[in-house]
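A quick write-up on the structure given underneath.
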Amino acid sequence: MSTLHLSEDDPQVQTILEGHKKPVTSISFNPNGVQCASSSEDHSIMIWTKWSDPQQNGPSYRFSGHTDSVTCIDYTPNCKYLVSSSKDHTVRIWVPSILGGSAEVRAHTSAVNTVSLSMDGAKMLTGSNDKSVKMWDVETKQFIMSFVKHNNWVKSVKFSPFGNYIASCSDDRTIRLWDPISGQQIQTFTGSKGSPNHIAIHLNNNTIAAAMNSGSIRLYDVKSGKLQQHYSLHDNATCVDWHPRANYLLTSGMDSKLMIVDIIEGRPLLSLNQNGGIKTCKFSSDGEFFAAGGTDKKITLWKTNFLVFD
């Protein structure tokens with residue numbers, strides 16, 4: 001992993017993307033660097049082109065098909081599909097072109113809060129208010145298996161980078177790890193205060209970051225099963241995301257704050273403010289940008305201005 005340092009310039013707002021009519025719920029960057037996507041409580045997904053150049057004003061287009069709030073989106077690593085989850089109990093698999101064709105998967109018996117793809121893009125995880133996690137084949141849209149131990153709403157799910165475990169978090173105050181082959185639970189982390197809203201797994205495959213509704217950010221070590229680090233950063237922490245090339249963590253909260261944390265030094269480095277509560281934050285695939293969105297219905301795109309040394 002590279003060493004990352006802040007340059008003399010703090011992150012700067014690159015552009016603001018406007019088009020949603022209700023709060024923004026999720027952001028995903030296409031790995032090819034050409035598109036980024038956003039989802040909203042307005043039932044829509046928007047695709048933004050030439051997003052990194054505010055002078056280009058590239059075209060944007062809207063995907064409609066869900067009949068309730070879109071809760072989460074994720075691009076496949078090969079850029080072939082964009083997947084979305086919704087409170088309408090479905091997942092949709094979109095071809096992210098101007099035509100916006102999609103296939104619907106009747107995934108759960110209640111709202112689907114989260115969707116996530118494996119590193120090879122072949123499998124998809126979903127988590128729902130029906131308290132279950134499910135795995136699907138992306139190409140065939142076929143159900144593979146369920147993971148059922150949570151006793152409250154599932155808020156976030158992730159495949160580990162090495163593919164050897166699956167992580168999920170729930171309003172039952174737990175983060176649970178699962179064997180993706182057998183479907184058996186292999187480990188549980190329980191927060192002492194609050195429930196995890198969102199989780200992200202470091203590329204080292206061993207560190208899980210959790211954004212807690214109590215406002216804290218908690219880092220767990222998979223091998224030891226112990227809490228590694230704890231930060232009190234927000235009133236209600238909503239999202240976490242790892243920089244793709246170094247040991248920095250981006251966090252957001254309903255207190256209108258974005259934070260950048262250096263987990264090697266064990267301290268927050270920067271605090272940035274946006275308008276309204278922030279529901280989602282995400283680094284671009286190369287780490288050159290990050291974006292955040294929330295109750296102001298906009299996506300604010302920031303240039304990181306980080307210096308990365310290999």
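Restricting attention to the stretch 216-232, the residues that are surrounded by fewer than 21 Cβ atoms within 10 Å (Cβ to Cβ) and not in a strand (DSSP E or B) add up to 3.
For the stretch 189-200, which residues satisfy the criterion of being surrounded by fewer than 16 Cβ atoms within 10 Å (Cβ to Cβ) and either at pLDDT 95 or above or part of a loop (DSSP other than H, G, I, E, B) (or both)? Ser192, Lys193 - these are the residues of the stretch 189-200 that are surrounded by fewer than 16 Cβ atoms within 10 Å (Cβ to Cβ) and either at pLDDT 95 or above or part of a loop (DSSP other than H, G, I, E, B) (or both). If you go through the stretch 101-134 and keep only what is surrounded by fewer than 18 Cβ atoms within 10 Å (Cβ to Cβ), in a strand (DSSP E or B) and of a type outside the set (Gly, Ala, Ser), you end up with Glu104, Arg106.
Suppose we filter the stretch 95-115 for residues that are touching a Phe, Trp or Tyr at 6+ places or on another chain (Cβ under 6 Å) and either of a type in the set (A, V, I, L, M) or within 24 Å of Pro161 (Cα to Cα) (or both); how many remain? Of the residues in the stretch 95-115, 1 are touching a Phe, Trp or Tyr at 6+ places or on another chain (Cβ under 6 Å) and either of a type in the set (A, V, I, L, M) or within 24 Å of Pro161 (Cα to Cα) (or both).
Determine if the stretch 201-210 includes at least one residue that is free of Cβ contacts under 8 Å to residues at least 40 places away in the same chain and either part of a strand (DSSP E or B) or charged (D, E, K, R) (or both). There is no residue in the stretch 201-210 that is free of Cβ contacts under 8 Å to residues at least 40 places away in the same chain and either part of a strand (DSSP E or B) or charged (D, E, K, R) (or both). Restricting attention to the stretch 75-91, the residues being among the small types (Gly, Ala, Ser) and over 13 Å from the mean Cα position of the chain (by Cα) number 1. The listed residues are Ile144, Ile186, Ile181, and the only one of them that is out of contact with any Pro (no Cβ under 6 Å at 6 or more places or on another chain) and part of a loop (DSSP other than H, G, I, E, B) turns out to be Ile181.
For every residue, the table says whether it meets (1) at pLDDT 80 or above; (2) part of a strand (DSSP E or B); (3) buried (at least 20 other Cβ atoms within 10 Å of the Cβ).
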| position | (1), (2), (3) |
| --- | --- |
| Val13 | yes, yes, no |
| Pro31 | yes, no, no |
| Ser38 | yes, yes, yes |
| Asp42 | yes, no, yes |
| Ile47 | yes, yes, yes |
| Gln56 | no, no, no |
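The values are calculated or read from the model by the stated rules, or taken from the named source; none is laboratory data. All of these numbers come straight from a predicted model, not from anything done at the bench. Virtual Cβ from ideal backbone geometry, glycine too; neighbours counted across all protein chains shown.
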